[in-house]
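Engineer: Dropping the structure in here first, questions after.
The values are calculated or read from the model by the stated rules, or taken from the named source; none is laboratory data. Keep in mind that what you see is a predicted model, and the values were worked out from it rather than measured. Please note: Cβ atoms are built from the backbone with ideal geometry, for glycine as well, and neighbour counts cover all protein chains shown.
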Amino acid sequence: MWASQIEALCDKANVLAPDLPGFGASGKARMPEALDGLAEQIYEGSRERGIDRAVVAGCSMGGYLAFAMLRVAPKFVRGLALINTKATADPEPARAKRLAQIRRVEGEGCAFLVDEWPPGHLSPTTLTHNAQTLAHVRAMIQEATPQALSLRSGPWRSGRIPQRYLRRSRCPASSCTALTTRSSLPRKHNL
């Protein structure tokens, strides 16, 4: 998922893109009980590689993992890049829909998401003109385990609102959607 970003940045910075449990080659790896456990694994792995501070980026649910990094290791997070990630709570209808989807994933597996997820989350242009990206997203969904998707949906279960962690932190944060920058971040955190 991050190949082009890694290629663009690897000459300028030490870039890590973890293969998370439940996804990719780590599909069968031990799954922590919560996002904070996954954040701790990433933090420990980064420290083992000699990385003391990092700018943490996350796309969509990966942004919630970035928020978890801020919770478990606030001094490690030098900055946040949040792509298609909200820092505010979902309205109750959206939260209920997301929780129903989690229950469905837990009961049926991930196969139904291959067709149902992209239209609500990818732009019409991507859906109609970027077959390679659409195929990649569908493959990622198909390879994911139900446990991984349920874990990654944890912020809606716990009610933890990421914005309050941003307000307490002193790290810069940027939020963007598609090709336009937007913000659901507190004003003082916009870059």
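Engineer: Looking at (1) buried (at least 19 other Cβ atoms within 10 Å of the Cβ); (2) within 21 Å of residue 85 (Cα to Cα); (3) touching a strand residue (DSSP E or B) at 6+ places or on another chain (Cβ under 7 Å), can you tell me which one residue 46 breaks?
Structural biologist: (2)
Engineer: Oh, and also: Could you list, in sequence order, all residues of region 32-89 that are hydroxyl-bearing (Ser, Thr, Tyr), part of a helix (DSSP H, G or I) and within 19 Å of residue 170 (Cα to Cα)?
Structural biologist: 43, 64
Engineer: Let me ask something else about it. In region 1-58, which residue that is modelled with pLDDT under 85 and among the charged types (D, E, K, R) is farthest from residue 78 (Cα to Cα)?
Structural biologist: Across region 1-58, the extreme among qualifying residues is 28.
Engineer: On to the next question. Take residue 67 and tell me if it is hydrophobic (A, V, I, L, M, F, W, C) and free of Cβ contacts under 8 Å to residues at least 24 places away in the same chain. Walk me through how you get there before you give the answer.
Structural biologist: Values: hydrophobic (A, V, I, L, M, F, W, C): yes; free of Cβ contacts under 8 Å to residues at least 24 places away in the same chain: no.
When the stated conditions are applied, residue 67 does not pass them.
Engineer: Select from region 124-145 the residues that are more than 21 Å from residue 63 (Cβ to Cβ) and either in contact (Cβ under 8 Å) with a residue 40 or more places away in the chain or polar (S, T, N, Q) (or both) and write down the one among them that is surrounded by the fewest Cβ atoms within 10 Å (Cβ to Cβ).
Structural biologist: Among them, the one singled out is 132.
Engineer: Limited to region 95-132, what total is found for residues that are of a type in the set (Phe, Trp, Tyr) and modelled with pLDDT under 85?
Structural biologist: Of the residues in region 95-132, 1 are of a type in the set (Phe, Trp, Tyr) and modelled with pLDDT under 85.
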